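The values are calculated or read from the model by the stated rules, or taken from the named source; none is laboratory data. Small disclaimer: the values here were computed from a predicted structure and weren't measured. Backbone-built Cβ (ideal geometry, glycine too); neighbour counts: all protein chains shown. Calculation scope for accessible area: heavy atoms of the full protein, side chains included, ligands and nucleic acids excluded. Shrake-Rupley method; radii C 1.70, N 1.55, O 1.52, S 1.80 Å.
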Amino acid sequence: MRALGKIANTPVKMRQYFQVVTMYFNNLQYLRNEKELTQREVSEILNCKRSTYDNWEHGNVMIPLDMADK
């Protein structure tokens with residue numbers, strides 16, 4: 001919680017923050033499925049490990065901004 005700082009300093013803001021984050025990760029999977037790509041194919045396009053992409057898609061780790069541009 002402390003790492004979120006002023007972004008989510010109340011229960012309502014915290015809930016809103018997690019809703020946005022959840023939509024973000026769901027969108028990664030949605031876009032990949034729309035293009036009929038596997039996680040391995042996307043990871044090759046992004047030049048990262050498949051396990052790294054899987055962590056991004058499942059919300060375990062935030063995708064670095066420089067990767068989001070690709």
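Tabulated results
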quantity	calculated
Number of positions in the stretch 43-65 that are farther than 24 Å from Phe18 by Cβ, not small (Gly, Ala, Ser) and not in a loop (DSSP other than H, G, I, E, B)	4
Hits in the stretch 31-41 - residues which are assigned to a helix (DSSP H, G or I) and either at pLDDT 95 or above or open to solvent by 60 Å² or more (accessible area, probe 1.4 Å) (or both)	Leu31, Asn33, Glu34, Gln39, Arg40, Glu41
